[in-house]
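Trainee: Shown below is the structure under consideration.
The values are calculated or read from the model by the stated rules, or taken from the named source; none is laboratory data. Values in this document were obtained by computation on a predicted structure and should not be read as measured data. Using ideal geometry, Cβ is built from the backbone for each residue, glycine included, and neighbour counts are taken over all protein chains shown. Calculation scope for accessible area: heavy atoms of the full protein, side chains included, ligands and nucleic acids excluded. Shrake-Rupley method; radii C 1.70, N 1.55, O 1.52, S 1.80 Å.
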Amino acid sequence: MEDRFLRACRGEEVDAVPVWFMRQAGRSLPEYRELRETHSILEMCRTPELAAEVTLQPVRRLDVDAAILFSDIVVVLEGMGVDLDIEPGTGPVIEKPIRTLEDVERLRPLEPEEDVGYVMETVRALRAELKVPLIGFGGAPFTLASYLVEGGPSKTHGRTKAMMLGDPEAWSALMDRLSNGVLRYLNAQIDAGAQAIQLFDSWAGHLSESDYRSHVKPWVDRILDGIEGVPRIHFGVGTGELIGAMSERTDVMGIDWRVPLDDGRERAGGKPVQGNLDPALCLAPWSVVEARARDILERGRGVGHVFNLGHGVLPETDPDVLARLVDFVHSWRPDE
Ligand code: CP3
């Protein structure tokens, strides 16, 4: 069934549980590593033929039920006028970090087709090729703000929290610009043909629920409420305590591997869920992977469940394990 992914996102009956993997396109695939020898990540994101090719690689190899656009959450920032790079093994690095209200005012409003038109071109090219649904995505404002304020990846998000609590004027100006930009970006992807959207708030799990609700959620709500006509998936890492708050305005709640899937669904008010095999387990013997996957499927009970990992595929993962996992998920039935 070609639309089992979209049906599961809407909580409808499916012929088999759909499955895709966060970071399914990437360093675990030899064909991706080969292209990376001659192109940087940002170059691949900016070149529709390359971005489309890399998006298709896991679809060809793994029989997954959805494709995720190959891009990066920081692409939208570049479109808003930020100088940045993605350093292999490190992640996004920002040339001039944003620390004050004046810095925030340097962020330009996003005109998606002008500033990041190559992304929409990639989406259009992919829709012409793909038989499975295409997921578009963006970063949520807290996670994007953390890269901008820290200047790169951070273990503590210290400067970001200091701005959030110590300079409310700069913080709300930053969240306002980011949420407007991301919303326009996501709706442009939908207009170009994206059939679902995933909002990644990868680092929101570093916040308490009360800070999340006061200083982040209003802007996330603006994005989720403004997305038009396709299922919305909301995901973060280590967000067990935030599932209630994060799931209020979304259609599907992404659950990382720390929370049992059925417990996560309950915390999400019974909504459809996506997840949640620990990506590290894909390096363990197959018997371990199969037992854990079966447990997750049983907790999902076959309806309103999109099988995925609890975060992205690790680069060391053998793609044959992912292919076997897809077959296992597809062959599993709720009454077994
Ligand atoms: O297949 C897919 O999931 C689509 C591609 C995708 C990329 N980035 C490509 C990429 C997606 C969905 C992202 C989102 C992204 N980027 C997030 C949110 C998801 C998450 O993992 O929490 C975040 C936090 C980023 C920022 C970022 N970009 C990081 C932390 C890194 C890793 C740095 C490293 O080398 O370990 C990147 C680089 C990046 N973006 C890679 C890929 C495939 C690694 C690539 C490489 O060197 O080729």
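Trainee: Would you confirm whether any residue within the range 262-270 is surrounded by fewer than 16 Cβ atoms within 10 Å (Cβ to Cβ) and within 16 Å of the ligand (Cβ to nearest atom)?
Mentor: Checked against the condition, which is being surrounded by fewer than 16 Cβ atoms within 10 Å (Cβ to Cβ) and within 16 Å of the ligand (Cβ to nearest atom), the range 262-270 yields no hits at all.
Trainee: Tally time: how many residues in the range 28-40 are open to solvent by less than 30 Å² (accessible area, probe 1.4 Å) and out of contact with any Ser or Thr (no Cβ under 8 Å at 6 or more places or on another chain)?
Mentor: Qualifying residue count for the region: 2.
Trainee: Residue by residue through the range 57-102, note down the ones that are within 7 Å of the ligand (Cβ to nearest atom) and either in a loop (DSSP other than H, G, I, E, B) or in contact with a Cys (Cβ under 9 Å, 6 or more places away or on another chain) (or both).
Mentor: Leu69, Phe70, Ser71, Asp72, Ile73, Val74, Ile86, Pro88, Gly89, Thr90
Trainee: Within the range 7-27, work out how many residues are over 19 Å from Ser202 (Cα atoms) and out of contact with any strand residue (DSSP E or B) (no Cβ under 7 Å at 6 or more places or on another chain).
Mentor: Adding up the residues that qualify gives 9.
Trainee: Between a first residue in the range 81-109 that is farther than 18 Å from Lys155 by Cβ and a second residue that is away from the ligand (no atom under 16 Å from the Cβ) and aromatic (Phe, Trp, Tyr), which pairs have beta carbons less than 9 Å apart while being 6 or more apart in sequence or on different chains?
Mentor: Going by the 9 Å Cβ cut-off, the qualifying pairs are Val104/Trp171.
Trainee: Separate question: How many residues are over 20 Å from Ile197 (Cα atoms) and either at pLDDT below 95 or near the ligand (Cβ under 10 Å from one of its atoms) (or both) when one looks only at the range 13-56?
Mentor: Residues in the range 13-56 being over 20 Å from Ile197 (Cα atoms) and either at pLDDT below 95 or near the ligand (Cβ under 10 Å from one of its atoms) (or both): 12 in total.
Trainee: Here is a further query. Quick check, is Val237 in a loop (DSSP other than H, G, I, E, B), under 30 Å from Gly89 (Cβ atoms) and touching a residue at least 60 places away in the same chain (Cβ under 8 Å)?
Mentor: yes
Trainee: List pairs: first residue in the range 149-160 and touching a residue at least 60 places away in the same chain (Cβ under 8 Å) and farther than 18 Å from Gly238 by Cα, second residue among the acidic types (Asp, Glu) and more than 12 Å from the ligand (Cβ to nearest atom) anywhere in the structure, Cβ distance under 9 angstrom, at least six positions apart or on different chains.
Mentor: Once the first residue is touching a residue at least 60 places away in the same chain (Cβ under 8 Å) and farther than 18 Å from Gly238 by Cα and sits in the range 149-160, its partners that are among the acidic types (Asp, Glu) and more than 12 Å from the ligand (Cβ to nearest atom) give Arg159/Glu150.
Trainee: Right, next: Could you list all residues from the range 10-27 that are touching an Asp or Glu at 6+ places or on another chain (Cβ under 8 Å) and open to solvent by 60 Å² or more (accessible area, probe 1.4 Å)?
Mentor: Arg10
Trainee: Could you grab the pairs with beta carbons closer than 8 Å, sequence gap of 6+ or different chains, first residue in the range 302-313 and over 14 Å from Ile233 (Cβ atoms) and outside any loop (DSSP other than H, G, I, E, B), second one within 10 Å of the ligand (Cβ to nearest atom) and not aromatic (Phe, Trp, Tyr)?
Mentor: Within 8 Å, no pair qualifies.
Trainee: Let me ask something else about it. Restricting to the range 83-102, give me the number of residues that are open to solvent by less than 30 Å² (accessible area, probe 1.4 Å) and touching a Lys or Arg at 6+ places or on another chain (Cβ under 9 Å).
Mentor: 1
Trainee: Against the definition (of a type in the set (Asp, Glu), within 16 Å of the ligand (Cβ to nearest atom) and open to solvent by less than 10 Å² (accessible area, probe 1.4 Å)), how does Asp256 come out, yes or no?
Mentor: Yes.
Trainee: A further question follows. Only one of (1) hydroxyl-bearing (Ser, Thr, Tyr); (2) out of contact with any Lys or Arg (no Cβ under 8 Å at 6 or more places or on another chain); (3) open to solvent by 10 Å² or more (accessible area, probe 1.4 Å) is not met by Tyr118, so which one is it?
Mentor: It is condition (2) that Tyr118 fails.
Trainee: Exactly one condition in (1) open to solvent by less than 50 Å² (accessible area, probe 1.4 Å); (2) over 23 Å from Arg232 (Cβ atoms) is not met by Ala291; state its number.
Mentor: Checking Ala291 against (1) open to solvent by less than 50 Å² (accessible area, probe 1.4 Å); (2) over 23 Å from Arg232 (Cβ atoms), the one that fails is (1).
Trainee: Something else now. Return only the number of the condition from (1) under 24 Å from Leu126 (Cα atoms); (2) modelled with pLDDT of 95 or more that Glu228 does not satisfy.
Mentor: (2)
Trainee: Say we look at the range 124-159 and pick out the residues that are polar (S, T, N, Q) and within 12 Å of the ligand (Cβ to nearest atom); which of these is nearest to Val76 (Cα to Cα)?
Mentor: Thr143
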